[in-house]
1. Could you check segment 222-268 and list, in sequence order, the residues that are surrounded by 16 or more Cβ atoms within 10 Å (Cβ to Cβ) and of a type in the set (Val, Ile, Thr)?
2. Quick one: which of Val227, Val165, Val197, Val255 is more than 30 Å from Ala114 (Cβ to Cβ) and not small (Gly, Ala, Ser)?
3. Of Ser111, Ser101, which residue is touching a residue at least 40 places away in the same chain (Cβ under 8 Å) and of a type in the set (Ser, Thr, Tyr)?
4. All but one of (1) of a type in the set (Val, Ile, Thr); (2) more than 16 Å from Ile99 (Cα to Cα); (3) buried (at least 19 other Cβ atoms within 10 Å of the Cβ); (4) modelled with pLDDT under 95 hold for Val147, so report the exception by its number.
5. Report yes if Leu69 is surrounded by fewer than 16 Cβ atoms within 10 Å (Cβ to Cβ), of a type outside the set (Lys, Arg) and in a helix (DSSP H, G or I), otherwise no.
6. For residues that are hydroxyl-bearing (Ser, Thr, Tyr) and in a helix (DSSP H, G or I), scanning just segment 21-62, find the one that is surrounded by the most Cβ atoms within 10 Å (Cβ to Cβ).
7. Name, by its number, the condition in (1) surrounded by fewer than 17 Cβ atoms within 10 Å (Cβ to Cβ); (2) over 17 Å from the mean Cα position of the chain (by Cα) that does not hold for Val199.
8. For segment 193-249, give me each residue that is without any contact (Cβ under 8 Å) to a residue 24 or more places away in the chain and closer than 19 Å to Leu134 by Cβ.
Amino acid sequence: MTTASLTATSSPRSPLPRRLAVTVSFLLAIAGSAVGVGAFGGQQISEAAGGLLAADATHLAPAGPAFSLWTVIYLGLGAYTLWQWWDRDDERRLAALAIASMLLNAAWILSIQAGAVWLSVPVIAVLLAVLATLFRRLTAIAPRSLVERLAVDGPFGLYLGWVSVATCANIAAALKGAGFTGFGVPALLAVVVLAAVVVVGVGLTLYGRAPVAAPLAMIWGLAWIAVGRATDAPDSSTVAIAATVAAVLIAASAVIQLVRRRSSGSAR
């Protein structure tokens with residue numbers, strides 16, 4: 001029998017190891033989340049690392065309720081974990097990235113709990129890159145069903161949108177920990193960062209296959225930054241207004257894109 005015939009008759013690789021790896025990664029992410037909220041006797045994220053990630057630590061820190069979005073994200077990741085056990089083909093293109101994202105999230109929590117805020121910056125940067133790659137991979141193909149939209153596009157869209165905002169807050173926290181004072185104009189620098197967030201958010205609405213979840217998470221984060229700067233230290237009406245405008249611009253872009261897609265679909 002020739003090598004070619006052996007290859008042709010060989011059975012496809014079993015998906016079981018990959019599916020188990022996704023499941024274990026999800027469980028580790030949940031365990032990391034429990035550590036992050038102090039379930040095992042440790043400090044909450046907002047209290048760890050000298051409070052550098054507290055709601056009143058920097059101009060880009062969202063108010064406390066913003067972090068409730070993690071509950072929705074984890075529920076979505078759980079839905080994805082279940083979905084990939086039944087999906088026959090599509091989970092293969094996402095599994096490695098999904099695994100990496102969940103493990104990196106756990107690693108980020110552990111780095112903060114260890115007080116290593118500067119270590120958390122490259123971790124969250126890599127996490128953002130992984131999620132952006134996953135988002136781009138999803139964008140290249142059309143979803144096959146509503147279930148796939150809910151179990152894949154939804155969770156990872158929210159995940160990407162939130163991490164996009166959280167990365168800015170994380171870097172601001174690390175800079176504060178290093179003694180950086182924003183050249184004496186921290187509010188102005190925060191506005192510049194928020195302008196960059198708008199560019200990212202609009203880009204996600206224009207080029208994502210489902211322009212809802214990622215922008216929605218960004219709007220959520222920006223809204224709570226606005227609330228934080230309007231009601232808590234460091235108070236800054238400039239940053240509060242800028243964050244509000246940023247959220248409105250991203251929301252407007254998402255609505256316009258949805259209307260365009262609906263119009264395009266109905267015209268076919």
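The values are calculated or read from the model by the stated rules, or taken from the named source; none is laboratory data. Remember, it's a predicted structure, so these values are computed and weren't measured experimentally. Counting neighbours? That spans all protein chains shown, and the Cβs are built from the backbone with ideal geometry, glycine included.
1. Ile225, Val227, Val239, Thr244, Val245, Ile250, listed by residue number.
2. Val255
3. Exactly one of Ser111, Ser101 is touching a residue at least 40 places away in the same chain (Cβ under 8 Å) and of a type in the set (Ser, Thr, Tyr), namely Ser101.
4. Val147 satisfies every listed condition except (3).
5. No; evaluated as a whole, the condition is false for this residue.
6. The selected residue is Ser25.
7. For Val199, the failing item is (2).
8. Answer for segment 193-249, where residues must be without any contact (Cβ under 8 Å) to a residue 24 or more places away in the chain and closer than 19 Å to Leu134 by Cβ: just Gly203.
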